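The structure appears right after this line, and notes come after that.
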Amino acid sequence: MNEVKSPKKPLLYYYFVAMLLVMLFNFIAMPWLAEHQIKEVDYNTFVTMTEQGEVGRVEIQEQSNRILFTSSDEKTVYKTAMVPDDGLVQRLLDAGVSTTGEEIEQTSTLVSILAWVLPIIIFVALGQYMSRKMMEKMGGGGNSMMFNMGKSNAKVYVKSAEGIKFDDVAGEDEAKENLTEVVNYLHDPSKYQEIGASMPKGILLVGPPGTGKTMLAKAVAGEANVPFFSMSGSEFVEMFVGMGASKVRDLFKQAKEKAPCIVFIDEIDAIGKKRDNQLSSNDEREQTLNQLLVEMDGFGSNEGVIVMAATNRADILDNALLRPGRFDRQVYVGLPDIRGREAILKIHAKDKQLAEDVDLNSIAKGTPGFAGADLENLMNEAALLAVRRRHRFINMEDVDEAILKVQMGPEKKSRKMSEKARRLTAYHESGHAVAAHYLPHVDPVHYITIIPRGMAGGFTLMRPQEDLENFKSQSEMFENIVMALGGRMAEKLFLDDISTGASGDIHQATSIARDMVTRYGMSDRLGPISFDS
Ligand code: ADP
């Protein structure tokens, strides 16, 4: 069906055409067919047939000057021209032929059935076609590279098509270890059944965007050599109530047919958010979620369908999703540490021409907080830069520039800044830098510029010595506030005026301060109490 481009004409147009066709058929084709089914004979034949008792019924059509008659078994209709014949009526009476009966059906039964059935077929087919088109429209259409599986639009990855393995996912060793069990199960479910162990039906991959959750799910399918069905939560939420639920039903129907297999639902929070907010209840989403729960409860734990889902935040998911028998196993896929980053860089540097001076370990060191997707992006940006600068190999300069680009957005050299604005930015950024320099708990300054980049007019970049820590101390948080306000202070001290340029800093300082008081109980006055809610 791919060669037919989707029609752009309104659907009403097709209805109109179909109506016209039906009308043409009824008013032109039918009479025409009828005429052609009638055998013409001469009058003598008619007389002979009458005498021999081969005539069934006769209709005399005086206006059109002809006689219609049927054979005695009424299967064939004949016509003949009328000839002045006084003895006709007597002859017919003698032969016992009825002339009073109703009009002779000019069409055969087949044709008359067709006249009824054809319009119905056309309308049903058209209706089907239109509803399919509508579904396609709302499902966002299909990617031509994937199989488009009917209603659910679930893409079936055939194993050889992507063939992602655990080795392609770097870092994330714990997550991989956790998922290896699933792979083993898919390889040999009977071993688990025999001993009475059952696999969790649902596995929730939790972690920040770009850390490789989708990759891990694909890798499980790749390692286990099973089909991989994938759909995004947002694809389920449709315009019409009930559509999402039917997509879920359809997805699981396909999955069960292909079991053992993996069903992957990305961004499950799009359908699985907590349902506590009555005011903005969303029927469609709720129905979809319910259907998902029904489906997950509906198959046994050993049917070989394993549902994996990804989200950035497990805490906003509806509790019903996390109950036993549903997504009762959570696998955390976190930001990579320095070793993980180096390994990821190695993977994405494999097919790139690197100069001698490029040291992946030091890049890993300089990119704390980068997710796998950021690192992939970074290597690609570096390669693009190298091409633009006509380097034969990607050198460290390209990489450094690429890090800034990924972190802060592209440089905006062309944006003209007035002398005044440049002065202001210079003082502002120096304020941050000087503050950072004197604060013992703040990371050292790595880079400072007044060339605008992305959203920022200028910026001061700190680079941590070590990896981001899970814990921050009170003095670190306090110093971060001081540093954020350093820019504003410098403006005030040196220019004797303050500007809007500090809005981002003030926002940041405020949110750190609020967290310190309301979440972390760091206020002496209020004490260790959570005011989070
Ligand atoms: P998520 O689903 O967590 O948002 P993805 O799995 O879609 O992230 O990752 C996006 C891309 O980033 C991947 O296609 C891959 O190229 C790269 N990537 C992310 N994490 C890793 C990793 N741990 N190892 C290698 N590449 C990664």
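Within region 233-245, the only residue that satisfies the criterion of being of a type in the set (G, A, S), open to solvent by 20 Å² or more (accessible area, probe 1.4 Å) and not in a loop (DSSP other than H, G, I, E, B) is S234. Scan region 472-491 and give yes if some residue there is open to solvent by less than 50 Å² (accessible area, probe 1.4 Å) and part of a loop (DSSP other than H, G, I, E, B), otherwise no. So far as region 472-491 goes, yes, one or more of its residues are open to solvent by less than 50 Å² (accessible area, probe 1.4 Å) and part of a loop (DSSP other than H, G, I, E, B). With respect to (1) surrounded by fewer than 17 Cβ atoms within 10 Å (Cβ to Cβ); (2) modelled with pLDDT under 85; (3) out of contact with any strand residue (DSSP E or B) (no Cβ under 8 Å at 6 or more places or on another chain), the lone exception for R463 is condition (3).
If you take the residues in region 352-384 that are among the acidic types (D, E) and away from the ligand (no atom under 11 Å from the Cβ), which one is most open to solvent (accessible area, probe 1.4 Å)? Here the answer is E356. When the helices (runs of 4 or more DSSP H) confined to region 161-232 are screened for residues that are modelled with pLDDT of 90 or more and within 16 Å of the ligand (Cβ to nearest atom), those reaching at least 3 such residues are found at 173-187, 213-224.
For first residues located in region 302-319 and within 11 Å of A270 (Cα to Cα), partners that are hydrophobic (A, V, I, L, M, F, W, C) and surrounded by fewer than 24 Cβ atoms within 10 Å (Cβ to Cβ) and lie 6+ apart or on another chain with Cβ distances below 7 Å form the pairs T311/V206; T311/L317.
The values are calculated or read from the model by the stated rules, or taken from the named source; none is laboratory data. What you are looking at is a predicted structure, and each value in this text was computed from that prediction instead of being measured. Here the Cβ is made from the backbone with ideal geometry for all residues, glycine too, and neighbour counts use every protein chain on show. The protein model used for the area step is the full one, side chains on, heavy atoms only, and it has no ligands, DNA or RNA in it. Shrake-Rupley method; radii C 1.70, N 1.55, O 1.52, S 1.80 Å.
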